[in-house]
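The values are calculated or read from the model by the stated rules, or taken from the named source; none is laboratory data. This structure is a prediction, so every number in the text was calculated from the model and none was measured. With ideal geometry, Cβ positions are generated from the backbone for all residues, glycine too; neighbour counts draw on all protein chains shown. Heads up: the accessible areas ignore ligands, DNA and RNA and are worked out on the full protein's heavy atoms, side chains in. Shrake-Rupley method; radii C 1.70, N 1.55, O 1.52, S 1.80 Å.
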Amino acid sequence: IREGFKIAIVGPTNAGKSSLLNHLSNRDVAIVSEIAGTTRDVIETHLNIDGYPVVVSDTAGIRDSKNEIEKKGIKLALDKAENADLKLIVIDAKNIDFKGVLKELMDENAILVVNKSDLLKEDLNFEIKNYEHVLISVKNNLNVEDLILKIKNKLKNKFITSEDILITRARHRQHLEQSLNYLKNFEEKNEAEDFDKAAEDLRLATRHLGMIVGKVDVEEILGSIFNDFCIGK
Ligand SMILES: Nc1nc2c(ncn2[C@@H]2O[C@H](COP(=O)(O)OP(=O)(O)OP(=O)(O)O)[C@@H](O)[C@H]2O)c(=O)[nH]1
Ligand SMILES: [Mg+2]
């Protein structure tokens, strides 16, 4: 959560990826033009969706390119997509280009976004229709709300687990792990023979839990202050 939920916008050139980034960010972050291959670097913006920090990356359009710089951009794009929590695969409704690596990126952490619905006079390509997709027009702001809703759902599924326990601090995690280790030691001990040692395991397990909920004795806090902050007694 602290690092943010990573969204990568990927797709063929000219599909409207940068336009979508600008729309989501509510400002002109990336250059938009009708020239294919406009974006070459990764452009990131930080957003806040329903209180969750989100990092959205716009990337270079995927196409077969001979240009060395563009090729590097495409590689960066694919890396971003692979490391993202969610991929928005944006394609052009009129000029369907959905094959190869792009198709391979489609999984449960991807949303297929068919943009430029305003240009679509006939039915959408039948193959694309079979995929779960969101048909939008960034230009005319059609159905973008639906896309945002889908993004929010993915985000919530990722952050809110069914166990409804979220460990947000490294310190808490460490203490929980240590507590668990002592409990495991306790279980492995023979009750009759190692009665006293088993009791000590339980005491240490509780102590680590206590360090999270604040049940630690005063002497210990003083000890920590004198150790860590270099204050003389
Ligand atoms: N008609 C229409 N045009 C759009 C829409 N969205 C974007 N465009 C136009 O499509 C062209 C390409 O848009 P970009 O956002 O630059 O596309 P891109 O996917 O970032 O392109 P690259 O950076 O080259 O990969 C621009 O001329 C946009 O104005 C849309 O919903 N409808
Ligand atoms: Mg672009």
If ligands, DNA and RNA are left out, what is the accessible area of Glu44 with a 1.4 Å probe, given in Å² to the nearest 10? 90 Å²
Listed here are the pairs Lys75/Lys99; Lys6/Lys80; Lys66/Lys94; Lys94/Lys154; which of them are more than 19 Å apart at the Cα? Lys66/Lys94; Lys94/Lys154
Taking a ≥ b ≥ c as the square roots of the eigenvalues of the Cα gyration tensor of the chain, is the shape rounded (a/c under 1.5), prolate (a/b larger than b/c) or oblate? prolate
If you count only protein heavy atoms with a 1.4 Å probe, what accessible area per residue comes out for the stretch 170-229, rounded to a whole Å²? 79 Å²
In the stretch 60-111, the trypsin sites (Lys or Arg not before Pro) that fall in loop regions by DSSP, at most 12 other Cβ within 10 Å: Lys66, Lys99
With an 8 Å cut-off on Cα pairs and a minimum separation of 6 or more residues, tell me the relative contact order of the chain in percent. 15 percent
Total charge dipole magnitude, the stretch 170-229, about the Cα centre, Cβ charges on Lys, Arg, Asp, Glu only, Debye to nearest 20: 360 debye
May I ask for the net charge around Ser65, where only other residues with Cβ less than 15 Å from the Cβ of Ser65 are counted and Lys, Arg are +1 while Asp, Glu are -1? +1
Given a 1.4 Å probe, the accessible area of the stretch 5-159 per residue, as a whole number of Å², is 53 Å²
Based solely on its DSSP helices, what 222 nm [θ] is calculated for the chain when runs of n ≥ 4 H residues each add -39,500 (n - 2.57) and the sum is averaged over all residues, nearest 500 deg cm²/dmol? -13500 deg cm²/dmol
Within-9-Å neighbourhood charge of Asp50 [Cβ basis; K, R +1; D, E -1]: +2
What residue among Val138, Val101, Val213 has the largest mean-square fluctuation in a Gaussian network model of the chain, using Cα springs under 10 Å? Val213
Can you compute the modelled spin-label distance between Leu180 and Val29, with each label point 7 Å from Cα toward Cβ, in nm? 3.5 nm
Springs between alpha-carbon atoms under 10 Å, Gaussian network over the chain: tell me which of Glu200, Glu219, Glu70 tops the mean-square fluctuations. Glu219
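Accessible area of the stretch 1-95 with a 1.4 Å probe: how many percent of it is carbon plus sulfur?
Values: 2230 of 4830 Å².
Solvent-exposed carbon and sulfur of the stretch 1-95 make up 46 percent of the total.
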Looking only at Leu209, Leu149, Leu21, which one moves most when the chain is put into a Gaussian network model with springs between Cα atoms under 10 Å? Leu209
If you place +1 on the Cβ of every Lys and Arg, -1 on the Cβ of every Asp and Glu, and leave all else neutral, what size is the dipole of the chain about its Cα centre, to the nearest 20 Debye? 900 debye
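Would you please classify the overall shape of the stretch 54-120 from the alpha carbon gyration tensor, given that a ≥ b ≥ c denote the square roots of the eigenvalues, rounded means a/c under 1.5, and beyond that prolate means a/b larger than b/c while oblate covers the rest?
Values: a/c = 1.73, a/b = 1.14, b/c = 1.52.
Oblate shape, in that a/c is at least 1.5 and b/c is the bigger or equal ratio.
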Carbon and sulfur %, accessible surface of the stretch 101-146 computed with the full protein complex present, 1.4 Å: 47 percent
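Nearest 5 is fine: what % of DSSP beta bridges in the chain come out antiparallel, could you say?
Here the share of antiparallel DSSP bridges comes out near 30 percent.
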